[in-house]
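The values are calculated or read from the model by the stated rules, or taken from the named source; none is laboratory data. Keep in mind that what you see is a predicted model, and the values were worked out from it rather than measured. As a convention, Cβ positions derive from the backbone with ideal geometry for all residues, glycine included, and neighbour counts pool all protein chains shown. When the accessible area is computed, the model is the full protein with side chains, heavy atoms only, and any ligands, DNA or RNA have been set aside. Shrake-Rupley method; radii C 1.70, N 1.55, O 1.52, S 1.80 Å.
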Amino acid sequence: MLPVRRVCVFCGSNTGRNAAYSAAAGALGESIAKQGVTLVYGGGRVGLMGVVADAVLGLGGRVVGVIPRAIATDEVAHPDLTELHVVGSMHERKALMADLAQGFVALPGGFGTLDELCEILTWAQLGMHRKPVGLLNVEGYFDPLLAFLDQAVLDGFVRPSHRRLLIEGRDPSRILHLLSRSKAPVVSKWLDGRADLR
C-alpha cells in the first residue's frame with residue numbers, strides 16, 4: 001500500500017465539551033503537516049474543522065477545503081486555505097472530497113461527521129473505492145458506534161469483512177501510519193438477498 005498523501009478529515013463544526021477533542025484535532029493536523037500530507041476537509045474555520053486546518057497551516061502544510069456555497073456565504077469558510085472549492089450542495093462536497101483524498105479519518109463530531117463517515121464506508125462496502133477509512137477514537141468517543149457495528153455483525157446486517165473496513169486508532173500521530181499500511185479487502189456487498197456473512 002502506498003503512503004496516503006492526501007487525507008480527508010471528517011470532524012465537527014463545534015469543538016465539543018471535552019478539551020481532548022481539540023487537542024487531538026490539533027495533534028492530527030500537526031502530524032499531517034509534518035508528514036507532508038495534504039489535508040482535505042470541509043472548508044470551515046469553526047469547531048474541530050478549524051482546529052485541524054489551523055494546525056496544518058501553522059506548520060506550512062497544504063489544506064484544501066470543499067464547502068457548499070450556502071455555508072461559505074455565512075462567513076464560515078476558512079479565509080487562509082491553500083485551495084478552497086465552493087460547490088453547490090452537500091452531495092457535491094462529499095463527492096469532491098472523496099475524489100481528492102487517498103484516505104479518510106473521522107474525528108469526533110455530530111450528524112454531519114457521522115453522515116460523511118457512513119457514506120464513505122458504504123461506498124467502500126459497495127466497491128466504489130478501495131481507500132482506507134480510519135476512526136480517531138478520542139477518549140472512547142466512538143465506543144458506542146463501534147459497539148453498534150459489532151452488534152450489526154452479530155445480527156447479520158454487516159459482514160465481518162465489511163466491519164474490518166473501518167480502522168480504529170487512538171493516537172493522532174499514528175493514524176496516518178495505520179491508513180498507509182492497511183490493505184482494503186476485496187469484498188462485495190450481496191445484492192441478491194443472500195447474506196454470505198464472511
Check: Is it fair to say D115 is farther than 20 Å from K183 by Cα and more than 13 Å from the chain's Cα centre (by Cα)?
Finding: no
Margin query: Any residue at all in the stretch 34-55 that's modelled with pLDDT of 95 or more, open to solvent by 70 Å² or more (accessible area, probe 1.4 Å) and in contact with a Ser or Thr (Cβ under 6 Å, 6 or more places away or on another chain)?
Written below: no
Check: Filter the stretch 158-187 for residues that are among the small types (G, A, S) and either modelled with pLDDT under 85 or part of a helix (DSSP H, G or I) (or both); which is farthest from V7 (Cα to Cα)?
Finding: S161
Notebook entry, point to check: Across the stretch 1-33, which residue is least open to solvent (accessible area, probe 1.4 Å) among those that are modelled with pLDDT under 95 and within 26 Å of R181 (Cβ to Cβ)?
Noted result: V4
Margin query: Scan the stretch 95-105 and tell me whether some residue there is surrounded by fewer than 16 Cβ atoms within 10 Å (Cβ to Cβ), of a type outside the set (S, T, N, Q) and over 16 Å from the mean Cα position of the chain (by Cα).
Written below: no
Checklist line | Verdict on L84 being open to solvent by 60 Å² or more (accessible area, probe 1.4 Å) and in contact with a His (Cβ under 9 Å, 6 or more places away or on another chain) | finding: yes
Notebook entry, point to check: Within the set of pairs 6+ apart or on separate chains, which have a first residue in the stretch 108-135 that is in contact (Cβ under 8 Å) with a residue 40 or more places away in the chain, a second that is of a type in the set (K, R) and part of a helix (DSSP H, G or I), and C-beta atoms under 7 Å apart?
Noted result: E116/K94
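Can you pull out every residue in the stretch 121-157 that is over 23 Å from G16 (Cα atoms), part of a helix (DSSP H, G or I) and either charged (D, E, K, R) or in contact with a helix residue (DSSP H, G or I) (Cβ under 9 Å, 6 or more places away or on another chain) (or both)?
The first filter runs over the stretch 121-157 and keeps only residues over 23 Å from G16 (Cα atoms), leaving 121-132, 149-157.
Applying the additional criterion that residues be part of a helix (DSSP H, G or I) yields 121-125, 149-154.
Residues satisfying the conditions are L121, W123, A124, Q125, L149, D150, A152, V153.
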